[in-house]
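The values are calculated or read from the model by the stated rules, or taken from the named source; none is laboratory data. Note that the coordinates shown come from a computational prediction; the quantities given were computed from them, not determined experimentally. Quick reminder, even Gly has a Cβ in these numbers, built from the backbone with ideal geometry, and neighbours come from all protein chains shown.
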Amino acid sequence: MLNSGVVINEFGLPSNPAEDDGPRILGATLAITILALITYSTRLYVRLVMVRNVGLDDYFMSFAMAMCVAGQGVIWGSIVYGAGRHMGDIPLEHLPTGLKLNFISQPIYLIAICVTKLAVGATLLRIASTKFYRHLILGIMGFMSFYTIGCFFTVVLQCTDIRALWDQSIPQNCWSQSTLKGLSYTNVTLNILTDLLLALVIPIPMLWHLNVNRRTRFSLIFALSLGAFACAAAFIKVGFLVNYGKTGDWLWDSRDISIWTVMECNTGIIAGSLPALRPLFKKILGTSLGYGKASSGGGKITGSGYFRQDTLQSKSRTKSVLKSKSANDDTSSERAFNFYELNDTKNHTTGTAVEKFPAQTGPTSFFAVDARSSDESIDKLPAAASGPSRGTTPGITKTTTTTVDYISREV
C-alpha cells in the first residue's frame with residue numbers, strides 16, 4: 001500500500017518529490033555518532049593518560065567505534081545517492097549505488113552492535129567478583145558472537161548472486177521477504193535480550209554486592225543501565241520492520257531503520273564508555289568521600305587525594321581489614337574495582353609512628369595518617385610478691401580503639 005501522495009511513475013517506481021528524509025537521516029545519525037565519538041575519545045584519554053590501564057574492553061570499543069564511523073560514512077554516501085527518497089525520484093544512474101551502499105551499511109552495523117556488547121561484557125568481567133558471574137558473562141559474549149556470525153552469513157548469502165540486490169540486470173534468486181523478515185525479527189529479539197542482560201539483569205545484582213561505597217555502586221549501576229536505551233532503540237526499530245519492502249521502495253522504507261540502528265549502536269558505545277570515565281569525574285567533581293591531603297607527619301593532611309576513615313578496634317580486626325585491602329586477596333571485589341581505575345602506589349606511613357603494612361602490588365595503597373582515641377579500664381593484675389604468699393594489686397588494662405585515617409591516591 002502506497003502512502004498518501006505517492007504515485008507510480010512511468011518506470012513503475014514509487015514517486016513523491018515533496019518527500020525527502022535524507023537530511024533527517026543525516027542529522028540524526030551524525031549527531032549521535034559525534035556524541036559517541038566524543039565519549040569514546042574521553043574514555044581513551046582516561047585509560048591511556050590518567051589510568052594507564054588499557055584492557056580488552058578498550059580494544060573492543062575501539063573496533064566498534066571505528067565500525068560506527070565507517071558506517072556513518074556509508075550512510076552519508078547512500079543519502080547522496082538517494083537514501084530517504086522514493087525510488088522514482090532518484091536518478092536512474094544513482095539508484096544502483098544508493099541500493100549498494102544501503103546494503104553495505106547492514107553488515108557493518110550488525111558487527112558493530114555485537115562488538116559494542118562484547119566491550120560491555122569485557123567491562124563487567126573486570127569487576128565480576130565471583131566465578132558464577134564471570135562464566136555467565138563469558139557465556140553471553142560467546143553466544144552473541146555465534147549468532148552475529150550466523151546473521152552476517154544470512155545477510156550476505158540471501159541471494160545466489162548478492163549483486164542482484166542493486167543490479168536489475170542480474171536474475172533475482174533470493175530468499176523470500178517473509179524469510180528475511182523472520183530472520184530480522186530473530187536478530188532484533190536476541191539484541192533486546194542481550195541488552196537487558198548486560199544493562200540490567202547482570203550488573204544490578206553483581207554491583208550491589210561490590211565492596212565499594214554506596215555512591216560509587218549506584219553511579220556504576222546508573223551508567224551501565226543506560227544501555228537500556230539501546231534496548232529501547234531496538235524496540236522502536238521493530239515497528240519499522242513491519243512495512244519494510246512491501247512496495248519495493250527500499251531506500252524510502254529503510255530511512256527509520258537506518259536511524260534507529262545507528263542509535264542502538266552508538267548509544268551502546270556511550271553507555272559502555274561512561275563507567276570508564278569515573279576517574280575523570282572524580283578529578284573534576286570530587287567524590288562522595290571528599291578531598292583530603294596527607295603530610296609526612298603530625299597527623300595533618302596536606303597531600304591531595306581521596307580521604308576516608310576506618311576504625312580498627314583490635315589487633316585481629318586490624319589484620320582482617322588490612323588483609324581485605326591487600327592486593328594478594330584475588331577474590332576481593334574492591335581490589336578488582338580499584339584495579340579498574342587506579343594506579344600502583346606502595347608507600348604506607350602513619351602520622352605519629354611508622355607502621356609496617358603488608359606490601360601491596362595492586363593498584364592502590366592506603367596511607368594511615370592518624371591514630372587516636374583510647375580508653376582505659378581498672379582491672380586486677382597479678383603482682384609478684386616477695387615471700388611465701390602472692391597477691392594481687394590494682395592495675396590498668398589499656399584497651400585502645402585506633403581510628404586510622406588513610407588516603408587512597410588516584411593518578
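Residues of segment 2-15 that are assigned to a loop (DSSP other than H, G, I, E, B) and over 43 Å from the mean Cα position of the chain (by Cα): Ser4, Gly5, Val6, Asn9, Glu10, Phe11, Gly12, Leu13.
Of everything listed in (1) part of a loop (DSSP other than H, G, I, E, B); (2) out of contact with any Pro (no Cβ under 9 Å at 6 or more places or on another chain); (3) at negative phi, the single unmet condition for Asn53 is (2).
Okay, residues lined up against (1) under 30 Å from Ser145 (Cβ atoms); (2) assigned to a loop (DSSP other than H, G, I, E, B):
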| residue | (1), (2) |
| --- | --- |
| Glu19 | no, yes |
| Leu26 | no, no |
| Thr42 | yes, no |
| Phe60 | yes, no |
| Trp76 | yes, no |
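The set of residues in segment 164-179 that are touching a Cys at 6+ places or on another chain (Cβ under 8 Å) and surrounded by 13 or more Cβ atoms within 10 Å (Cβ to Cβ) comprises Ala164, Leu165, Cys174, Trp175. The set of residues from segment 68-91 being out of contact with any Pro (no Cβ under 9 Å at 6 or more places or on another chain) and touching a residue at least 60 places away in the same chain (Cβ under 8 Å) comprises Cys68, Gly71, Gln72, Ile75, Ser78, Ala83, Ile90.
When each of Ala128, Ala119 is tested for being under 16 Å from the mean Cα position of the chain (by Cα), crowded, with 20+ Cβ neighbours inside 10 Å and within 28 Å of Arg255 (Cα to Cα), the lone residue that passes is Ala119. Among (1) over 20 Å from the mean Cα position of the chain (by Cα); (2) assigned to a helix (DSSP H, G or I), which single condition is Leu92 missing? Leu92 satisfies all of (1) over 20 Å from the mean Cα position of the chain (by Cα); (2) assigned to a helix (DSSP H, G or I) except (2).
Results for (1) under 20 Å from the mean Cα position of the chain (by Cα); (2) at pLDDT 80 or above; (3) part of a helix (DSSP H, G or I), shown as yes or no for each residue.
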site	(1), (2), (3)
Phe222	yes, no, yes
Phe229	yes, yes, yes
Lys246	no, no, no
Leu251	no, yes, yes
Asp256	no, yes, yes
Trp260	yes, yes, yes
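To keep it simple, each residue is scored yes or no on (1) modelled with pLDDT of 95 or more; (2) not β-branched (Val, Ile, Thr).
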| residue | (1), (2) |
| --- | --- |
| Ile75 | yes, no |
| Gly82 | no, yes |
| Asp89 | no, yes |
| Leu92 | no, yes |
| Ile108 | yes, no |
| Ala112 | yes, yes |
